[in-house]
Amino acid sequence: MKITTLLTVFLFVSCTQNLQKENSMMPPTAEKIPREMTVHGHTRIDDYYWMRLTDEQKNASESDDQTQKVVDYMGQENAYSEAGLKQTKQFQEKLFDEIVGRIKKD
C-alpha cells in the first residue's frame, strides 16, 4: 500500500508541474477572511474558517450563501485538479484497478 501512495503522490506532483509549465489554467485562490479564535488560552487566526460547514448546512435541502460559496470554491479546485491530471486518466484507471484487485473481497 505504501508504494501505491508513493506513486499517487509522484503522479500528482509531476502533473502539477506539467500544468504549471503549460500555464493553461491558474489554480484557484481561496479568499482569506481572518477569524480570531481563542482555545485554552491560546489565540490564533484562521483565515479559512469560512469554509467550515455545520452538519445542518451540509444536509440542508437548499444551500445558504456560505454553503454555496464553499461548494463553488471546491468546484474550482476540482476543475483545476482534473485539468492537471487529464493526461493521466488511463494511468489512474489502471492504478485504481490494481489497488482494487489487491483488496481481499469478503
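The values are calculated or read from the model by the stated rules, or taken from the named source; none is laboratory data. Every value quoted in this text rests on a predicted model; they were computed, and no experiment measured them. No Cβ is skipped: glycine too gets one built from the backbone with ideal geometry, and neighbour counts run over all protein chains shown. Just the protein is used for accessible areas: all its heavy atoms, side chains included, with ligands, DNA and RNA removed. Shrake-Rupley method; radii C 1.70, N 1.55, O 1.52, S 1.80 Å.
Can you name the condition, by its number, that Ser24 falls short on among (1) modelled with pLDDT of 95 or more; (2) open to solvent by 50 Å² or more (accessible area, probe 1.4 Å); (3) small (Gly, Ala, Ser)?
(1)
Which numbered condition trips up Asp46, out of (1) in contact with a strand residue (DSSP E or B) (Cβ under 9 Å, 6 or more places away or on another chain); (2) surrounded by 13 or more Cβ atoms within 10 Å (Cβ to Cβ); (3) more than 28 Å from Val13 (Cβ to Cβ)?
Looking at each condition in turn, Asp46 falls short on (3).
Given the structure, is Asp64 open to solvent by less than 100 Å² (accessible area, probe 1.4 Å) and closer than 17 Å to Pro27 by Cβ?
Taking the combined requirement at face value, the residue does not satisfy it.
What's the total number of residues in the range 67-106 that are surrounded by 11 or more Cβ atoms within 10 Å (Cβ to Cβ) and under 19 Å from the mean Cα position of the chain (by Cα)?
Total meeting the criteria: 24.
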